[in-house]
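Structure first, then comments.
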Amino acid sequence: MNQSRHQRHWVALSTLVTREIRRFFRIWPQTILPPAITMTLYFIIFGNLIGSRIGEMGGFTYMEYIVPGIIMMAVINNAYSNVASSFFSAKFQNHVEELIVAPVPNYLILAGYVAGGTARGLCVGVIVTIVSLFFTRLPIEHIFITISMVVLSAVLFAIGGFINAVYARSFDEISIIPTFILTPLTYLGGVFYSISLLPEFWQNVSLLNPILYMVNAFRFGMLGVSDIPVVAAFSIILLFIGGLTAFALYLLHKGTGLRN
(Lines give C-alpha, C1' and ligand atoms only; values in the text may rest on other atoms or scores of the structure.)
Protein backbone atom coordinates (compact mmCIF):
# COMPACT_ATOMS: atom_id res chain seq x y z
CA MET A 1 0.00 0.00 0.00
CA ASN A 2 2.77 2.40 0.95
CA GLN A 3 4.71 1.45 -2.16
CA SER A 4 1.67 2.18 -4.33
CA ARG A 5 1.24 5.57 -2.65
CA HIS A 6 4.90 6.41 -3.17
CA GLN A 7 4.58 5.48 -6.84
CA ARG A 8 1.55 7.75 -7.24
CA HIS A 9 3.42 10.58 -5.57
CA TRP A 10 6.43 10.06 -7.81
CA VAL A 11 4.25 10.08 -10.93
CA ALA A 12 2.54 13.28 -9.75
CA LEU A 13 5.83 15.04 -9.02
CA SER A 14 7.54 13.95 -12.22
CA THR A 15 4.49 14.99 -14.25
CA LEU A 16 4.45 18.45 -12.67
CA VAL A 17 8.18 18.97 -13.19
CA THR A 18 8.07 17.71 -16.78
CA ARG A 19 5.12 19.95 -17.60
CA GLU A 20 6.84 23.00 -16.14
CA ILE A 21 10.07 22.36 -18.02
CA ARG A 22 8.28 21.69 -21.29
CA ARG A 23 6.28 24.87 -20.76
CA PHE A 24 9.24 27.24 -20.71
CA PHE A 25 11.08 25.37 -23.45
CA ARG A 26 7.99 25.47 -25.67
CA ILE A 27 7.87 29.27 -25.48
CA TRP A 28 11.65 29.78 -25.42
CA PRO A 29 11.50 33.05 -27.44
CA GLN A 30 9.67 34.51 -24.42
CA THR A 31 11.38 32.70 -21.54
CA ILE A 32 15.00 32.02 -22.52
CA LEU A 33 15.99 34.32 -25.40
CA PRO A 34 15.06 37.74 -23.86
CA PRO A 35 17.16 37.35 -20.68
CA ALA A 36 20.11 36.15 -22.75
CA ILE A 37 19.88 39.28 -24.92
CA THR A 38 19.41 41.55 -21.89
CA MET A 39 22.43 40.14 -20.09
CA THR A 40 24.52 40.46 -23.25
CA LEU A 41 23.69 44.17 -23.25
CA TYR A 42 24.83 44.36 -19.62
CA PHE A 43 28.15 42.82 -20.62
CA ILE A 44 28.59 45.26 -23.50
CA ILE A 45 27.46 48.44 -21.70
CA PHE A 46 28.66 47.90 -18.15
CA GLY A 47 31.53 45.53 -18.84
CA ASN A 48 33.14 46.91 -21.97
CA LEU A 49 32.12 50.55 -22.19
CA ILE A 50 31.91 51.57 -18.52
CA GLY A 51 34.31 48.92 -17.22
CA SER A 52 37.17 50.21 -19.37
CA ARG A 53 36.93 53.53 -17.51
CA ILE A 54 36.54 52.04 -14.03
CA GLY A 55 39.54 49.74 -14.22
CA GLU A 56 40.04 47.03 -11.60
CA MET A 57 37.77 46.11 -8.70
CA GLY A 58 38.73 43.63 -6.01
CA GLY A 59 41.88 42.73 -7.91
CA PHE A 60 39.98 41.78 -11.09
CA THR A 61 38.96 43.60 -14.22
CA TYR A 62 35.55 45.19 -13.88
CA MET A 63 34.10 42.75 -16.41
CA GLU A 64 35.36 39.75 -14.42
CA TYR A 65 34.00 41.27 -11.23
CA ILE A 66 30.44 41.83 -12.47
CA VAL A 67 30.00 38.57 -14.38
CA PRO A 68 29.02 36.49 -11.30
CA GLY A 69 26.49 39.13 -10.27
CA ILE A 70 24.93 39.30 -13.71
CA ILE A 71 24.65 35.51 -13.88
CA MET A 72 23.01 35.45 -10.45
CA MET A 73 20.65 38.26 -11.45
CA ALA A 74 19.49 36.25 -14.46
CA VAL A 75 18.98 33.12 -12.36
CA ILE A 76 17.00 34.95 -9.67
CA ASN A 77 14.70 36.80 -12.06
CA ASN A 78 13.88 33.78 -14.18
CA ALA A 79 13.35 31.34 -11.32
CA TYR A 80 10.97 33.84 -9.73
CA SER A 81 9.03 34.82 -12.84
CA ASN A 82 8.62 31.24 -14.08
CA VAL A 83 6.78 30.04 -10.98
CA ALA A 84 4.84 33.28 -10.50
CA SER A 85 3.47 33.26 -14.04
CA SER A 86 2.92 29.50 -14.27
CA PHE A 87 1.05 29.04 -11.00
CA PHE A 88 -1.04 32.16 -11.50
CA SER A 89 -1.96 30.92 -14.99
CA ALA A 90 -3.09 27.67 -13.37
CA LYS A 91 -5.28 29.72 -11.01
CA PHE A 92 -6.58 31.94 -13.81
CA GLN A 93 -7.49 28.98 -16.02
CA ASN A 94 -8.98 27.08 -13.05
CA HIS A 95 -6.99 23.89 -13.61
CA VAL A 96 -5.22 24.37 -10.28
CA GLU A 97 -8.43 22.98 -8.77
CA GLU A 98 -7.55 19.60 -10.23
CA LEU A 99 -4.35 19.60 -8.17
CA ILE A 100 -6.19 20.61 -5.02
CA VAL A 101 -8.76 17.82 -5.21
CA ALA A 102 -6.24 15.20 -6.38
CA PRO A 103 -4.61 12.94 -3.75
CA VAL A 104 -1.35 14.85 -4.07
CA PRO A 105 0.30 16.28 -0.93
CA ASN A 106 0.79 20.03 -0.84
CA TYR A 107 4.55 19.65 -0.52
CA LEU A 108 4.64 17.81 -3.87
CA ILE A 109 2.66 20.58 -5.56
CA LEU A 110 5.10 23.14 -4.20
CA ALA A 111 8.11 20.97 -5.09
CA GLY A 112 6.90 20.50 -8.67
CA TYR A 113 6.50 24.21 -9.37
CA VAL A 114 9.71 25.14 -7.55
CA ALA A 115 11.67 22.50 -9.49
CA GLY A 116 10.35 23.93 -12.75
CA GLY A 117 11.31 27.47 -11.77
CA THR A 118 14.72 26.33 -10.59
CA ALA A 119 15.28 24.52 -13.88
CA ARG A 120 14.50 27.65 -15.89
CA GLY A 121 16.70 29.80 -13.67
CA LEU A 122 19.63 27.42 -14.04
CA CYS A 123 19.05 27.04 -17.78
CA VAL A 124 19.20 30.80 -18.30
CA GLY A 125 22.19 30.97 -15.95
CA VAL A 126 24.10 28.47 -18.10
CA ILE A 127 23.29 30.43 -21.26
CA VAL A 128 24.42 33.72 -19.69
CA THR A 129 27.59 32.02 -18.48
CA ILE A 130 28.35 30.84 -22.01
CA VAL A 131 27.69 34.35 -23.37
CA SER A 132 30.06 35.83 -20.77
CA LEU A 133 32.90 33.68 -22.11
CA PHE A 134 32.85 35.80 -25.27
CA PHE A 135 33.72 38.86 -23.16
CA THR A 136 36.11 37.61 -20.46
CA ARG A 137 37.73 34.58 -18.88
CA LEU A 138 35.70 32.90 -16.17
CA PRO A 139 37.71 31.27 -13.37
CA ILE A 140 35.99 29.04 -10.82
CA GLU A 141 37.88 28.89 -7.54
CA HIS A 142 35.39 26.83 -5.51
CA ILE A 143 33.12 24.69 -7.67
CA PHE A 144 30.97 23.34 -4.81
CA ILE A 145 30.20 26.81 -3.45
CA THR A 146 29.45 28.08 -6.95
CA ILE A 147 26.98 25.33 -7.83
CA SER A 148 25.31 25.06 -4.43
CA MET A 149 24.81 28.81 -4.14
CA VAL A 150 23.23 29.23 -7.56
CA VAL A 151 20.91 26.26 -6.95
CA LEU A 152 19.85 27.48 -3.50
CA SER A 153 19.25 30.99 -4.82
CA ALA A 154 17.08 29.66 -7.66
CA VAL A 155 15.09 27.54 -5.19
CA LEU A 156 14.58 30.48 -2.83
CA PHE A 157 13.21 32.81 -5.48
CA ALA A 158 11.14 30.08 -7.09
CA ILE A 159 9.38 29.71 -3.72
CA GLY A 160 9.01 33.49 -3.59
CA GLY A 161 7.39 33.44 -7.03
CA PHE A 162 4.98 30.78 -5.85
CA ILE A 163 3.88 32.91 -2.88
CA ASN A 164 3.46 35.91 -5.17
CA ALA A 165 1.22 33.84 -7.47
CA VAL A 166 -0.89 32.61 -4.55
CA TYR A 167 -1.72 36.16 -3.47
CA ALA A 168 -2.00 37.70 -6.97
CA ARG A 169 -5.51 38.42 -8.21
CA SER A 170 -4.54 39.64 -11.68
CA PHE A 171 -1.63 39.43 -14.10
CA ASP A 172 -0.72 43.01 -13.18
CA GLU A 173 -0.07 41.97 -9.59
CA ILE A 174 2.45 39.41 -10.80
CA SER A 175 4.74 42.24 -11.91
CA ILE A 176 4.44 44.41 -8.79
CA ILE A 177 7.01 42.60 -6.63
CA PRO A 178 9.60 42.10 -9.43
CA THR A 179 9.28 45.76 -10.43
CA PHE A 180 9.20 47.50 -7.07
CA ILE A 181 11.05 45.05 -4.80
CA LEU A 182 13.07 42.42 -6.65
CA THR A 183 14.71 44.69 -9.24
CA PRO A 184 15.82 47.40 -6.75
CA LEU A 185 17.17 44.77 -4.34
CA THR A 186 19.08 43.15 -7.20
CA TYR A 187 20.71 46.37 -8.34
CA LEU A 188 21.55 47.25 -4.73
CA GLY A 189 22.84 43.74 -4.03
CA GLY A 190 26.44 44.28 -5.08
CA VAL A 191 26.03 43.10 -8.66
CA PHE A 192 27.92 46.06 -10.14
CA TYR A 193 30.02 47.20 -7.19
CA SER A 194 31.64 46.21 -3.92
CA ILE A 195 29.85 47.50 -0.83
CA SER A 196 33.29 48.39 0.55
CA LEU A 197 33.05 51.46 -1.70
CA LEU A 198 30.00 52.69 0.20
CA PRO A 199 30.00 54.84 3.37
CA GLU A 200 29.78 52.80 6.55
CA PHE A 201 26.10 53.63 7.09
CA TRP A 202 25.09 52.34 3.65
CA GLN A 203 27.28 49.29 4.07
CA ASN A 204 25.25 48.39 7.14
CA VAL A 205 22.01 49.07 5.30
CA SER A 206 23.16 46.84 2.44
CA LEU A 207 23.60 43.95 4.87
CA LEU A 208 19.80 43.82 5.19
CA ASN A 209 19.54 42.86 1.50
CA PRO A 210 19.44 39.04 1.11
CA ILE A 211 20.50 39.26 -2.53
CA LEU A 212 23.80 40.76 -1.41
CA TYR A 213 24.67 37.47 0.31
CA MET A 214 23.79 35.39 -2.75
CA VAL A 215 25.78 37.53 -5.16
CA ASN A 216 28.84 37.69 -2.93
CA ALA A 217 28.85 33.99 -2.09
CA PHE A 218 28.51 33.16 -5.79
CA ARG A 219 31.29 35.63 -6.59
CA PHE A 220 33.45 33.99 -3.94
CA GLY A 221 32.85 30.61 -5.57
CA MET A 222 34.01 31.94 -8.93
CA LEU A 223 36.63 34.57 -8.09
CA GLY A 224 37.53 33.85 -4.48
CA VAL A 225 36.55 37.33 -3.22
CA SER A 226 33.53 38.37 -1.16
CA ASP A 227 32.33 41.34 0.88
CA ILE A 228 30.63 39.11 3.44
CA PRO A 229 31.41 35.77 5.15
CA VAL A 230 30.34 32.87 2.94
CA VAL A 231 29.13 30.82 5.92
CA ALA A 232 26.79 33.66 6.87
CA ALA A 233 25.49 33.76 3.31
CA PHE A 234 24.61 30.06 3.28
CA SER A 235 23.04 30.27 6.73
CA ILE A 236 20.81 33.21 5.79
CA ILE A 237 19.71 31.67 2.50
CA LEU A 238 18.87 28.33 4.12
CA LEU A 239 16.93 30.20 6.80
CA PHE A 240 14.94 32.07 4.16
CA ILE A 241 14.26 28.86 2.22
CA GLY A 242 12.99 27.13 5.35
CA GLY A 243 10.78 30.07 6.35
CA LEU A 244 9.29 30.65 2.90
CA THR A 245 8.71 26.92 2.36
CA ALA A 246 6.78 26.69 5.60
CA PHE A 247 4.76 29.77 4.70
CA ALA A 248 3.97 28.50 1.18
CA LEU A 249 2.79 25.15 2.56
CA TYR A 250 0.64 26.99 5.10
CA LEU A 251 -0.98 29.00 2.29
CA LEU A 252 -1.69 25.82 0.34
CA HIS A 253 -3.16 24.17 3.41
CA LYS A 254 -5.42 27.15 4.09
CA GLY A 255 -6.34 27.45 0.42
CA THR A 256 -5.42 31.12 0.38
CA GLY A 257 -6.16 32.62 -3.01
CA LEU A 258 -7.29 29.20 -4.28
CA ARG A 259 -10.66 28.51 -2.72
CA ASN A 260 -12.23 31.93 -2.72
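Kindly indicate the residue of segment 221-235 that is open to solvent by 50 Å² or more (accessible area, probe 1.4 Å) and assigned to a helix (DSSP H, G or I) and also farthest from Met63 (Cα to Cα) among those meeting that condition. I'd like the intermediate steps shown before the answer.
Quick first cut of segment 221-235, residues open to solvent by 50 Å² or more (accessible area, probe 1.4 Å) only: 227, 229, 231, 235.
When the remaining residues are screened for being assigned to a helix (DSSP H, G or I), the result is 231, 235.
Working: Val231: 26, Ser235: 29 Å.
It comes out as Ser235.
Taking first residues from segment 80-104 that are open to solvent by less than 90 Å² (accessible area, probe 1.4 Å) and partners that are not in a helix (DSSP H, G or I), the Cβ contacts under 6 Å between residues at least 6 apart in sequence or on separate chains come to Phe88/Ala168. Criterion first (modelled with pLDDT of 95 or more and of a type in the set (Gly, Ala, Ser)) does Ala119 satisfy it? Judged against the criteria, Ala119 is a match. Being farther than 23 Å from Lys254 by Cα, of a type in the set (Phe, Trp, Tyr), more than 19 Å from the chain's Cα centre (by Cα) and open to solvent by 40 Å² or more (accessible area, probe 1.4 Å), is that true of even one residue in segment 119-135? Within segment 119-135, one or more residues are farther than 23 Å from Lys254 by Cα, of a type in the set (Phe, Trp, Tyr), more than 19 Å from the chain's Cα centre (by Cα) and open to solvent by 40 Å² or more (accessible area, probe 1.4 Å). Exactly one residue out of Leu244, Leu239, Leu208 is assigned to a helix (DSSP H, G or I), open to solvent by 40 Å² or more (accessible area, probe 1.4 Å), free of Cβ contacts under 8 Å to residues at least 40 places away in the same chain and out of contact with any Pro (no Cβ under 8 Å at 6 or more places or on another chain): that is Leu239.
For segment 1-13, how many residues meet the condition of being among the small types (Gly, Ala, Ser) and either within 18 Å of Met63 (Cβ to Cβ) or loosely packed, with under 13 Cβ neighbours inside 10 Å (or both)? Can you show your working first?
Keep residues of segment 1-13 that are among the small types (Gly, Ala, Ser), which gives 4, 12.
Next, only the ones that are either within 18 Å of Met63 (Cβ to Cβ) or loosely packed, with under 13 Cβ neighbours inside 10 Å (or both) stay: 4.
Qualifying residue count, segment 1-13: 1.
Does segment 28-54 hold any residues that are under 30 Å from Asn106 (Cα atoms), open to solvent by 50 Å² or more (accessible area, probe 1.4 Å) and among the hydrophobic types (A, V, I, L, M, F, W, C), and which are they? Within segment 28-54, Trp28 is the sole residue that qualifies. Here Leu258 meets the list (1) open to solvent by less than 10 Å² (accessible area, probe 1.4 Å); (2) closer than 21 Å to Ala111 by Cα almost entirely, failing just condition (1).
Can you pull out the residues in segment 163-202 that are in a loop (DSSP other than H, G, I, E, B) and under 27 Å from Tyr250 (Cβ atoms)? Break it down stepwise before answering.
First, pick out the residues of segment 163-202 that are in a loop (DSSP other than H, G, I, E, B): 168-170, 175, 188-194, 198-199.
The answer is Ala168, Arg169, Ser170, Ser175.
Would you be able to tell me the number of residues in segment 205-255 that are within 16 Å of Phe192 (Cβ to Cβ), hydrophobic (A, V, I, L, M, F, W, C) and within 16 Å of the chain's Cα centre (by Cα)? Steps first, answer last, please.
Step one: list which residues in segment 205-255 are within 16 Å of Phe192 (Cβ to Cβ), which gives 206, 209, 211-212, 214-216, 218-219, 222-223, 225-227.
Then drop every residue that is not hydrophobic (A, V, I, L, M, F, W, C), which leaves 211-212, 214-215, 218, 222-223, 225.
Okay, now just the ones that are also within 16 Å of the chain's Cα centre (by Cα), so 211-212, 214-215, 218.
Total satisfying the criteria: 5.
The values are calculated or read from the model by the stated rules, or taken from the named source; none is laboratory data. Everything numeric here is computed off the predicted structure, so don't read it as measured data. For neighbour counting, all protein chains shown are included, and Cβ atoms are generated from backbone atoms with ideal geometry for every residue, glycine included. Ligands, DNA and RNA are stripped out before the accessible areas are found, and what is left, the full protein with its side chains, is counted by its heavy atoms. Shrake-Rupley method; radii C 1.70, N 1.55, O 1.52, S 1.80 Å.
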